[in-house]
Amino acid sequence: MTLERVADWVANSERTLVFTGAGISTESGIPDFRGPNGLWTKVDPKLFTIQNYVVDPEIRRRSWQARLDSEMFDAAPNAGHRAVARLEALGVAPVVVTQNIDGLHQAAGSRDVVEVHGTVHEVVCLDCGMQEPIGPTLDRVRNGEADPACPSCGGLLKTATISFGQNLVPEVLDRAFEEAEVADVCIAAGSTLSVTPAAHVPRIVGEKGKLVIVNEEPTELDHLAAAILTAKTGTALPALTDLVESALAREPG
Ligand code: NAD
Ligand code: ZN
């Protein structure tokens, strides 16, 4: 029943914004941070602060090593990512704002993905700003360079992701907020909605329109939600998208 009502909201929306977090990718084998089996239970959070990364070569060595072992480069999109791409194809949700760095929305076919926390598929030089695909850098690590330097200037290389203590890219954040301003429905999927400023995106939509939360656990914005679907994203999003498609077929134009 709730799912049908939500599908009608989405089908009749001016513009639905999809906002996603680490939870949408757990069914692709990538652990989240704050879920029951989250990374916080396994990894030293120190690895993720920019201040430590910049001063400590040992932290950089461990970070690159962790990237080599990361499941992110072999992961495939799941039914949740594919449903999000289908919402775009149906013309109701043209943009995804994601906190994820794994690139799985694009792999599933979403064409306009705003990656507020960056991407693991590229590296950036913290000194000269050079940015390029991560492949060659990972090859260098694999071949024994513990802490590969920027090929252009010799400066510090890092994945093009936002670490703790690091500012978000202003243009990317602005775009995310612009999308929140023009959306009247937001589907927030697989996120605790606790990491700011990213979580302001669903909050902005929730304060003036309809916020739909799809998450297995309670979130920080449950009090703002017009509907809460306590379910796996890989199950709920395809079911919702099927219903949106039927609703659109019933109401031509
Ligand atoms: P989070 O880890 O804080 O929360 C994930 C939420 O998703 C939890 O509440 C969990 O219960 C829920 N969840 C997990 N699997 C689910 C499923 N299959 N269906 C429904 N709900 C599910 O995630 P967050 O709020 O996105 O914040 C973590 C930060 O860490 C993000 O900002 C992101 O940058 C980064 N991160 C990214 C990835 C990735 O790219 N895949 C992975 C880990 C962390
Ligand atoms: Zn450089």
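Observations on the structure shown:
- Per-residue ³J(HN,Hα) for the stretch 93-98, Karplus 6.51 cos²θ - 1.76 cosθ + 1.60, θ = phi - 60°, Hz, x for Gly and Pro: 9, x, 10, 10, 9, 10
- Near the amide H of GLY118, within less than 5 Å, lie the amide hydrogens of ILE162, all on another chain or at least 5 residues away, with H placed in the peptide plane.
- Estimated FRET transfer efficiency when R0 is 41 angstrom, pair GLN51-ARG111 (beta carbons, to 0.05): 0.70
- Neighbour net charge for VAL182 - beta-carbon separation under 15 angstrom, K R +1, D E -1: -4
- Each residue of the stretch 82-90 was assigned a 3J(HN,Hα) from its phi angle through the Karplus curve 6.51 cos²θ - 1.76 cosθ + 1.60 (θ = phi - 60°); the sequence is 5, 5, 5, 5, 5, 4, 5, 4, 6 Hz, with glycine and proline shown as x.
- Across the accessible surface of the stretch 134-251, with the other protein chains kept in place and a 1.4 Å probe, carbon and sulfur atoms take up 51 percent.
- Alpha carbon Rg of the stretch 180-233, scaled by the compact-globule rule 2.2 N^0.38 Å: 0.99
- Placing pseudo-labels 7 Å out from each Cα toward the beta carbon at ARG15 and GLU58 gives an inter-label distance of 5.0 nm.
- Exposure check, 1.4 Å probe, all protein chains in place: ASP222 carries approximately 40 Å² of accessible surface.
- Largest GNM mean-square fluctuation among GLY21, GLY129, GLY144, using the chain with Cα springs under 10 Å: GLY144.
- Unpaired by the 4.7 Å Cβ criterion, cysteines found in the chain: CYS186
- Taking the chain as a Gaussian network of alpha-carbon nodes connected by springs under 10 Å, the highest mean-square fluctuation of the residues VAL205, VAL18, VAL141 belongs to VAL141.
- For the chain, accessible area per residue (1.4 Å probe, heavy atoms of protein chains only), Å²: 46 Å²
- Residues in the stretch 108-124 carry Karplus couplings, in order, of 7, x, 5, 9, 10, 10, 9, 9, 5, 10, x, 9, 7, 7, 9, 10, 9 Hz; the curve used is 6.51 cos²θ - 1.76 cosθ + 1.60 with θ = phi - 60°, and Gly or Pro positions show x.
The values are calculated or read from the model by the stated rules, or taken from the named source; none is laboratory data. None of the values given here were measured: they were computed from a predicted structure. Glycine gets a Cβ as well: all are built from the backbone with ideal geometry, and neighbour counts include every protein chain shown. These accessible areas exclude ligands, DNA and RNA; they are computed on the full protein's heavy atoms, side chains included. Shrake-Rupley method; radii C 1.70, N 1.55, O 1.52, S 1.80 Å.
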